[in-house]
Amino acid sequence: MASSQDVLRRIKSVRNTRKITRTMELIATSKLKRAIDRMAAARPYADALTGLVGGLYSPFLAQEYPLLRRPAETKRAAVLLLTANRGFCGAFNSNLIREARSRLEALEAGGVEVELHVSGKKGLAYFRFRGAKIASFTTEIGDSPEPDDAEQLVAPLWRRFATGELDAVHVVSSEFRSAISTPPRTRQLLPIEPPAVGTPVDAFITSPATGEIVGRLLPRYLRSAVYRALVENAAGEQGARRAAMKSATDNAGDILETLTRNYNRARQAQITQEIAEIVGGAAALE
Amino acid sequence: MMAKLLKLRVLTPAGEVFVGRARSMVAPAWDGRVGILPGHAPFLTLLGEGPLALKTDSGDAREFGVSGGVMKVEANDVTVLADRVAG
(Lines give C-alpha, C1' and ligand atoms only; values in the text may rest on other atoms or scores of the structure.)
Protein backbone atom coordinates (compact mmCIF):
# COMPACT_ATOMS: atom_id res chain seq x y z
CA MET A 1 0.00 0.00 0.00
CA ALA A 2 1.14 3.53 -0.74
CA SER A 3 2.56 5.32 2.22
CA SER A 4 0.53 8.16 3.66
CA GLN A 5 3.18 10.55 2.34
CA ASP A 6 2.55 9.32 -1.21
CA VAL A 7 -1.21 9.65 -0.78
CA LEU A 8 -0.72 13.16 0.52
CA ARG A 9 1.33 14.03 -2.53
CA ARG A 10 -1.33 12.68 -4.85
CA ILE A 11 -4.04 14.62 -3.04
CA LYS A 12 -2.07 17.79 -3.58
CA SER A 13 -1.58 17.02 -7.26
CA VAL A 14 -5.25 16.21 -7.89
CA ARG A 15 -6.25 19.34 -6.02
CA ASN A 16 -4.05 21.42 -8.32
CA THR A 17 -5.51 19.74 -11.38
CA ARG A 18 -8.98 20.48 -10.14
CA LYS A 19 -8.05 24.11 -9.65
CA ILE A 20 -6.96 24.31 -13.29
CA THR A 21 -9.96 22.52 -14.74
CA ARG A 22 -12.33 24.62 -12.66
CA THR A 23 -10.68 27.80 -13.89
CA MET A 24 -10.89 26.57 -17.47
CA GLU A 25 -14.55 25.81 -16.92
CA LEU A 26 -15.20 29.33 -15.66
CA ILE A 27 -13.29 30.90 -18.54
CA ALA A 28 -15.19 28.77 -21.05
CA THR A 29 -18.47 29.81 -19.41
CA SER A 30 -17.73 33.49 -19.83
CA LYS A 31 -16.40 33.02 -23.36
CA LEU A 32 -19.47 30.96 -24.19
CA LYS A 33 -21.70 33.79 -23.10
CA ARG A 34 -19.85 36.25 -25.30
CA ALA A 35 -19.91 33.82 -28.21
CA ILE A 36 -23.67 33.39 -27.87
CA ASP A 37 -24.07 37.18 -27.83
CA ARG A 38 -22.09 37.39 -31.06
CA MET A 39 -24.30 34.74 -32.62
CA ALA A 40 -27.38 36.69 -31.65
CA ALA A 41 -25.83 39.94 -32.91
CA ALA A 42 -25.12 38.41 -36.31
CA ARG A 43 -28.66 37.17 -36.80
CA PRO A 44 -30.54 40.37 -37.82
CA TYR A 45 -28.13 41.07 -40.68
CA ALA A 46 -28.10 37.46 -41.82
CA ASP A 47 -31.89 37.20 -41.72
CA ALA A 48 -32.41 40.49 -43.56
CA LEU A 49 -29.87 39.55 -46.21
CA THR A 50 -31.35 36.08 -46.65
CA GLY A 51 -34.78 37.64 -47.10
CA LEU A 52 -33.44 40.02 -49.72
CA VAL A 53 -31.58 37.38 -51.68
CA GLY A 54 -34.61 35.10 -51.51
CA GLY A 55 -36.84 37.89 -52.76
CA LEU A 56 -34.51 38.92 -55.56
CA TYR A 57 -33.65 35.47 -56.79
CA SER A 58 -35.10 34.22 -60.01
CA PRO A 59 -34.02 31.26 -62.14
CA PHE A 60 -33.56 33.73 -64.98
CA LEU A 61 -30.69 35.36 -63.09
CA ALA A 62 -28.93 32.04 -62.70
CA GLN A 63 -27.84 32.12 -66.32
CA GLU A 64 -26.38 35.57 -65.99
CA TYR A 65 -24.40 35.35 -62.75
CA PRO A 66 -21.64 32.76 -62.48
CA LEU A 67 -22.10 32.59 -58.71
CA LEU A 68 -25.59 31.27 -59.29
CA ARG A 69 -24.60 28.64 -61.81
CA ARG A 70 -25.85 25.14 -61.15
CA PRO A 71 -23.39 22.65 -62.61
CA ALA A 72 -25.10 19.67 -64.19
CA GLU A 73 -22.49 17.38 -62.73
CA THR A 74 -20.02 17.81 -59.90
CA LYS A 75 -16.48 17.09 -60.98
CA ARG A 76 -14.50 19.06 -58.49
CA ALA A 77 -15.64 20.00 -55.00
CA ALA A 78 -14.11 21.74 -52.01
CA VAL A 79 -14.74 20.88 -48.38
CA LEU A 80 -14.08 23.64 -45.88
CA LEU A 81 -13.58 22.23 -42.39
CA LEU A 82 -13.84 24.55 -39.41
CA THR A 83 -12.19 23.30 -36.22
CA ALA A 84 -10.86 24.87 -33.05
CA ASN A 85 -7.29 25.93 -32.44
CA ARG A 86 -7.27 24.37 -29.00
CA GLY A 87 -8.22 21.11 -27.42
CA PHE A 88 -9.60 20.33 -23.95
CA CYS A 89 -13.09 20.44 -25.38
CA GLY A 90 -14.16 16.82 -25.32
CA ALA A 91 -15.07 15.28 -28.66
CA PHE A 92 -15.77 18.64 -30.30
CA ASN A 93 -12.86 18.55 -32.75
CA SER A 94 -12.90 14.83 -33.37
CA ASN A 95 -16.61 14.96 -34.19
CA LEU A 96 -15.93 17.64 -36.79
CA ILE A 97 -13.00 15.72 -38.21
CA ARG A 98 -15.07 12.55 -38.45
CA GLU A 99 -17.85 14.42 -40.24
CA ALA A 100 -15.33 15.91 -42.68
CA ARG A 101 -13.77 12.51 -43.32
CA SER A 102 -17.07 10.85 -44.07
CA ARG A 103 -18.00 13.74 -46.36
CA LEU A 104 -14.68 13.47 -48.19
CA GLU A 105 -15.07 9.73 -48.57
CA ALA A 106 -18.65 10.04 -49.78
CA LEU A 107 -17.66 12.59 -52.40
CA GLU A 108 -14.65 10.61 -53.55
CA ALA A 109 -16.75 7.47 -53.78
CA GLY A 110 -19.01 9.42 -56.13
CA GLY A 111 -16.07 10.06 -58.41
CA VAL A 112 -15.63 13.69 -57.41
CA GLU A 113 -12.22 15.23 -57.13
CA VAL A 114 -12.21 16.77 -53.66
CA GLU A 115 -9.91 19.32 -52.11
CA LEU A 116 -9.74 20.03 -48.42
CA HIS A 117 -9.51 23.45 -46.82
CA VAL A 118 -8.98 23.58 -43.08
CA SER A 119 -9.36 26.26 -40.45
CA GLY A 120 -8.06 25.55 -36.95
CA LYS A 121 -4.96 23.82 -35.61
CA LYS A 122 -6.80 20.68 -34.55
CA GLY A 123 -8.16 19.79 -37.97
CA LEU A 124 -4.89 20.75 -39.57
CA ALA A 125 -2.85 18.56 -37.21
CA TYR A 126 -5.08 15.56 -37.85
CA PHE A 127 -5.05 15.71 -41.63
CA ARG A 128 -1.33 16.52 -41.71
CA PHE A 129 -0.63 13.52 -39.54
CA ARG A 130 -2.64 11.34 -41.89
CA GLY A 131 -0.69 12.74 -44.79
CA ALA A 132 -3.79 14.07 -46.48
CA LYS A 133 -3.47 16.76 -49.09
CA ILE A 134 -4.57 20.11 -47.70
CA ALA A 135 -5.38 22.71 -50.32
CA SER A 136 -5.27 25.62 -47.90
CA PHE A 137 -5.39 26.24 -44.18
CA THR A 138 -5.50 28.97 -41.59
CA THR A 139 -4.95 28.94 -37.85
CA GLU A 140 -5.50 32.66 -37.48
CA ILE A 141 -9.16 32.56 -36.52
CA GLY A 142 -9.49 32.77 -32.77
CA ASP A 143 -12.27 32.87 -30.21
CA SER A 144 -13.98 35.88 -31.72
CA PRO A 145 -14.14 35.52 -35.50
CA GLU A 146 -14.76 38.63 -37.59
CA PRO A 147 -16.75 38.93 -40.82
CA ASP A 148 -13.42 39.61 -42.54
CA ASP A 149 -12.16 36.20 -41.42
CA ALA A 150 -15.15 34.62 -43.12
CA GLU A 151 -14.47 36.59 -46.28
CA GLN A 152 -10.84 35.51 -46.39
CA LEU A 153 -11.86 31.89 -45.98
CA VAL A 154 -14.55 31.79 -48.60
CA ALA A 155 -13.61 34.45 -51.18
CA PRO A 156 -11.04 32.27 -52.99
CA LEU A 157 -13.60 29.47 -53.12
CA TRP A 158 -16.41 31.50 -54.61
CA ARG A 159 -14.06 33.04 -57.16
CA ARG A 160 -13.02 29.60 -58.28
CA PHE A 161 -16.62 28.45 -58.31
CA ALA A 162 -17.53 31.40 -60.52
CA THR A 163 -14.80 30.55 -63.02
CA GLY A 164 -15.93 26.95 -63.12
CA GLU A 165 -12.89 25.50 -61.38
CA LEU A 166 -15.07 24.18 -58.59
CA ASP A 167 -18.55 22.74 -58.89
CA ALA A 168 -19.48 22.61 -55.22
CA VAL A 169 -18.35 23.92 -51.87
CA HIS A 170 -19.32 22.29 -48.59
CA VAL A 171 -18.72 23.65 -45.11
CA VAL A 172 -18.25 21.31 -42.15
CA SER A 173 -18.91 23.04 -38.85
CA SER A 174 -20.78 22.43 -35.67
CA GLU A 175 -24.36 23.41 -35.25
CA PHE A 176 -24.99 25.22 -32.00
CA ARG A 177 -28.25 23.75 -30.76
CA SER A 178 -27.42 24.48 -27.14
CA ALA A 179 -24.33 24.71 -24.95
CA ILE A 180 -24.37 20.95 -24.51
CA SER A 181 -25.52 19.93 -27.98
CA THR A 182 -23.21 20.96 -30.79
CA PRO A 183 -23.42 18.22 -33.42
CA PRO A 184 -21.21 18.47 -36.52
CA ARG A 185 -22.95 19.14 -39.78
CA THR A 186 -22.16 19.72 -43.42
CA ARG A 187 -23.80 22.50 -45.34
CA GLN A 188 -23.68 23.10 -49.03
CA LEU A 189 -22.51 26.63 -49.64
CA LEU A 190 -22.27 26.47 -53.41
CA PRO A 191 -24.15 26.01 -55.67
CA ILE A 192 -26.39 28.44 -53.83
CA GLU A 193 -29.72 27.06 -52.79
CA PRO A 194 -31.97 30.10 -53.15
CA PRO A 195 -33.51 30.91 -49.78
CA ALA A 196 -37.16 29.97 -49.60
CA VAL A 197 -38.02 33.05 -47.57
CA GLY A 198 -38.15 36.59 -48.81
CA THR A 199 -40.63 39.10 -50.04
CA PRO A 200 -40.72 39.66 -53.79
CA VAL A 201 -39.39 43.04 -54.78
CA ASP A 202 -41.31 43.48 -58.02
CA ALA A 203 -42.87 46.71 -56.79
CA PHE A 204 -39.52 48.20 -55.82
CA ILE A 205 -37.61 50.95 -57.47
CA THR A 206 -34.18 49.39 -57.75
CA SER A 207 -30.95 51.18 -58.39
CA PRO A 208 -28.98 49.78 -60.12
CA ALA A 209 -30.99 47.04 -61.85
CA THR A 210 -32.13 44.04 -59.82
CA GLY A 211 -29.61 41.70 -61.41
CA GLU A 212 -26.74 43.99 -60.56
CA ILE A 213 -27.86 44.14 -56.94
CA VAL A 214 -28.12 40.36 -56.74
CA GLY A 215 -24.63 40.09 -58.18
CA ARG A 216 -23.31 42.33 -55.43
CA LEU A 217 -25.28 40.68 -52.66
CA LEU A 218 -24.31 37.09 -53.37
CA PRO A 219 -20.72 37.34 -52.09
CA ARG A 220 -22.08 39.04 -48.98
CA TYR A 221 -24.62 36.28 -48.61
CA LEU A 222 -21.88 33.65 -48.75
CA ARG A 223 -19.70 35.61 -46.34
CA SER A 224 -22.61 35.91 -43.97
CA ALA A 225 -23.22 32.16 -44.11
CA VAL A 226 -19.58 31.38 -43.35
CA TYR A 227 -19.41 34.04 -40.64
CA ARG A 228 -22.42 32.46 -39.02
CA ALA A 229 -20.73 29.05 -39.18
CA LEU A 230 -17.62 30.56 -37.59
CA VAL A 231 -19.42 32.16 -34.67
CA GLU A 232 -21.52 29.05 -34.15
CA ASN A 233 -18.38 26.97 -34.15
CA ALA A 234 -16.71 29.30 -31.65
CA ALA A 235 -19.73 29.05 -29.37
CA GLY A 236 -19.85 25.27 -29.78
CA GLU A 237 -16.17 25.00 -28.86
CA GLN A 238 -16.67 26.95 -25.65
CA GLY A 239 -19.79 24.97 -24.79
CA ALA A 240 -17.97 21.68 -25.34
CA ARG A 241 -15.00 22.90 -23.33
CA ARG A 242 -17.18 23.97 -20.47
CA ALA A 243 -18.87 20.55 -20.37
CA ALA A 244 -15.54 18.71 -20.61
CA MET A 245 -13.96 20.80 -17.89
CA LYS A 246 -16.97 20.47 -15.65
CA SER A 247 -16.82 16.70 -15.79
CA ALA A 248 -13.04 16.83 -15.26
CA THR A 249 -13.58 19.00 -12.18
CA ASP A 250 -16.25 16.63 -10.90
CA ASN A 251 -14.00 13.62 -11.47
CA ALA A 252 -11.14 15.30 -9.66
CA GLY A 253 -13.51 15.89 -6.75
CA ASP A 254 -14.43 12.20 -6.66
CA ILE A 255 -10.79 11.15 -6.74
CA LEU A 256 -9.98 13.61 -3.98
CA GLU A 257 -12.72 12.16 -1.81
CA THR A 258 -11.41 8.61 -2.25
CA LEU A 259 -7.82 9.64 -1.67
CA THR A 260 -8.68 11.64 1.43
CA ARG A 261 -10.59 8.67 2.79
CA ASN A 262 -7.59 6.39 2.14
CA TYR A 263 -5.25 8.86 3.73
CA ASN A 264 -7.39 9.23 6.86
CA ARG A 265 -7.77 5.48 7.12
CA ALA A 266 -4.01 4.99 6.87
CA ARG A 267 -3.40 7.69 9.47
CA GLN A 268 -5.99 6.24 11.81
CA ALA A 269 -4.46 2.77 11.40
CA GLN A 270 -1.07 4.19 12.28
CA ILE A 271 -2.42 5.95 15.39
CA THR A 272 -4.23 2.80 16.48
CA GLN A 273 -1.07 0.82 16.02
CA GLU A 274 0.99 3.32 18.01
CA ILE A 275 -1.51 3.26 20.87
CA ALA A 276 -1.50 -0.52 20.81
CA GLU A 277 2.29 -0.47 20.97
CA ILE A 278 2.33 2.00 23.87
CA VAL A 279 -0.29 0.02 25.75
CA GLY A 280 1.62 -3.19 25.00
CA GLY A 281 4.87 -1.60 26.15
CA ALA A 282 3.29 -0.31 29.37
CA ALA A 283 1.75 -3.72 30.04
CA ALA A 284 5.16 -5.37 29.59
CA LEU A 285 6.67 -3.05 32.24
CA GLU A 286 4.16 -4.09 34.93
CA MET B 1 -50.57 65.86 -35.28
CA MET B 2 -48.14 63.02 -34.95
CA ALA B 3 -45.92 62.91 -38.00
CA LYS B 4 -45.08 59.57 -39.56
CA LEU B 5 -41.66 58.22 -38.75
CA LEU B 6 -39.23 55.87 -40.40
CA LYS B 7 -38.41 52.63 -38.65
CA LEU B 8 -34.71 52.42 -39.26
CA ARG B 9 -32.31 49.55 -38.74
CA VAL B 10 -28.63 49.88 -39.51
CA LEU B 11 -27.05 46.42 -39.48
CA THR B 12 -23.58 45.05 -40.12
CA PRO B 13 -22.57 41.40 -40.31
CA ALA B 14 -21.28 41.63 -36.74
CA GLY B 15 -24.34 43.27 -35.22
CA GLU B 16 -26.86 46.07 -34.96
CA VAL B 17 -25.50 49.59 -35.08
CA PHE B 18 -28.71 51.56 -34.83
CA VAL B 19 -32.29 50.53 -34.32
CA GLY B 20 -34.87 53.24 -33.81
CA ARG B 21 -37.16 55.79 -35.31
CA ALA B 22 -36.10 58.60 -37.57
CA ARG B 23 -37.81 61.63 -39.04
CA SER B 24 -35.54 61.70 -42.03
CA MET B 25 -32.30 60.28 -43.28
CA VAL B 26 -29.72 60.73 -46.00
CA ALA B 27 -27.83 57.66 -47.16
CA PRO B 28 -24.81 57.30 -49.43
CA ALA B 29 -26.11 55.25 -52.34
CA TRP B 30 -23.73 53.87 -54.94
CA ASP B 31 -24.52 56.69 -57.35
CA GLY B 32 -24.93 59.59 -54.93
CA ARG B 33 -26.64 60.63 -51.76
CA VAL B 34 -30.28 59.67 -51.30
CA GLY B 35 -32.68 61.37 -48.91
CA ILE B 36 -35.44 59.27 -47.42
CA LEU B 37 -38.54 60.70 -45.77
CA PRO B 38 -41.53 58.87 -44.39
CA GLY B 39 -43.84 57.75 -47.18
CA HIS B 40 -41.04 56.89 -49.57
CA ALA B 41 -41.86 54.43 -52.34
CA PRO B 42 -40.44 50.91 -52.04
CA PHE B 43 -36.81 51.30 -52.90
CA LEU B 44 -33.77 49.08 -53.10
CA THR B 45 -30.28 50.40 -53.73
CA LEU B 46 -26.66 49.51 -53.37
CA LEU B 47 -24.64 51.62 -50.98
CA GLY B 48 -21.41 53.40 -51.68
CA GLU B 49 -19.16 54.94 -49.13
CA GLY B 50 -19.95 58.02 -47.08
CA PRO B 51 -21.89 59.46 -44.18
CA LEU B 52 -25.33 58.17 -43.28
CA ALA B 53 -27.07 61.04 -41.53
CA LEU B 54 -30.39 60.80 -39.77
CA LYS B 55 -32.64 62.82 -37.53
CA THR B 56 -34.08 60.78 -34.69
CA ASP B 57 -37.66 61.13 -33.52
CA SER B 58 -36.48 63.40 -30.70
CA GLY B 59 -34.82 65.66 -33.26
CA ASP B 60 -31.23 64.68 -32.53
CA ALA B 61 -28.89 64.38 -35.47
CA ARG B 62 -26.86 61.18 -35.77
CA GLU B 63 -24.24 60.32 -38.30
CA PHE B 64 -22.42 57.12 -39.20
CA GLY B 65 -19.79 56.46 -41.78
CA VAL B 66 -20.93 53.48 -43.84
CA SER B 67 -19.34 51.67 -46.71
CA GLY B 68 -20.69 49.03 -49.03
CA GLY B 69 -23.90 47.08 -48.79
CA VAL B 70 -27.51 47.61 -49.60
CA MET B 71 -30.49 49.62 -48.38
CA LYS B 72 -34.12 48.59 -48.53
CA VAL B 73 -37.02 50.97 -48.00
CA GLU B 74 -40.47 49.45 -47.70
CA ALA B 75 -43.53 50.96 -46.04
CA ASN B 76 -41.47 53.27 -43.82
CA ASP B 77 -39.28 50.35 -42.81
CA VAL B 78 -35.69 51.13 -43.71
CA THR B 79 -33.07 48.41 -43.47
CA VAL B 80 -29.46 49.34 -44.10
CA LEU B 81 -27.16 46.35 -44.52
CA ALA B 82 -23.70 47.85 -44.49
CA ASP B 83 -20.37 46.09 -44.77
CA ARG B 84 -18.76 48.50 -42.39
CA VAL B 85 -20.00 51.23 -40.10
CA ALA B 86 -17.85 53.72 -38.22
CA GLY B 87 -18.97 56.13 -35.51
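The values are calculated or read from the model by the stated rules, or taken from the named source; none is laboratory data. All of these numbers come straight from a predicted model, not from anything done at the bench. Positions of Cβ are backbone-derived with ideal geometry, glycine not excepted, and every protein chain shown enters the neighbour counts. Note: accessible area is taken over every heavy atom of the protein model, side chains too, but ligands, DNA and RNA are not part of it. Shrake-Rupley method; radii C 1.70, N 1.55, O 1.52, S 1.80 Å.
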Residue A:101 fails exactly one of (1) of a type in the set (D, E, K, R); (2) over 30 Å from residue A:256 (Cβ atoms); (3) more than 17 Å from the chain's Cα centre (by Cα), namely (3)
Report those helices (runs of 4 or more DSSP H) wholly inside the stretch A:43-137 carrying at least 2 residues which are acidic (Asp, Glu).
-> A:92-109
Mind telling me which of the residues A:121, A:75 ends up being under 22 Å from the mean Cα position of the chain (by Cα), in the same structural domain as residue A:179 (by TED's automatic domain parsing) and charged (D, E, K, R)?
-> A:121
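Conditions tested, residue by residue: (1) in contact with a strand residue (DSSP E or B) (Cβ under 6 Å, 6 or more places away or on another chain); (2) within 16 Å of residue A:82 (Cβ to Cβ).
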{"site": "A:140", "(1), (2)": "no, yes"}
{"site": "A:150", "(1), (2)": "no, yes"}
{"site": "A:163", "(1), (2)": "no, no"}
{"site": "A:168", "(1), (2)": "yes, no"}
{"site": "A:172", "(1), (2)": "yes, yes"}
{"site": "A:176", "(1), (2)": "no, yes"}
{"site": "A:180", "(1), (2)": "no, no"}
{"site": "A:189", "(1), (2)": "yes, yes"}
For the stretch A:165-210, which residues satisfy the criterion of being closer than 29 Å to residue A:40 by Cα, within 14 Å of another protein chain (Cβ to nearest Cβ) and surrounded by 14 or more Cβ atoms within 10 Å (Cβ to Cβ)?
-> A:198, A:199, A:201
For residue A:148, work out the one condition from (1) open to solvent by 40 Å² or more (accessible area, probe 1.4 Å); (2) modelled with pLDDT under 90; (3) not in a loop (DSSP other than H, G, I, E, B) it doesn't fulfil.
-> (2)
Is there a residue being open to solvent by 40 Å² or more (accessible area, probe 1.4 Å), closer than 27 Å to residue A:149 by Cα, within 14 Å of another protein chain (Cβ to nearest Cβ) and assigned to a helix (DSSP H, G or I) anywhere in the stretch A:231-241?
-> no
Residues in the stretch A:211-230 that are farther than 30 Å from residue A:144 by Cβ and surrounded by fewer than 18 Cβ atoms within 10 Å (Cβ to Cβ) total 2
Within the stretch A:67-84, identify whether any single residue is surrounded by fewer than 21 Cβ atoms within 10 Å (Cβ to Cβ) and β-branched (Val, Ile, Thr), and answer yes or no.
-> yes
May I ask you to list pairs of residues, at least six apart or on different chains, whose Cβ atoms are under 8 Å apart, with the first in the stretch A:164-186 being among the hydrophobic types (A, V, I, L, M, F, W, C) and the second being open to solvent by 30 Å² or more (accessible area, probe 1.4 Å) and part of a loop (DSSP other than H, G, I, E, B)?
-> A:168/A:71; A:168/A:74
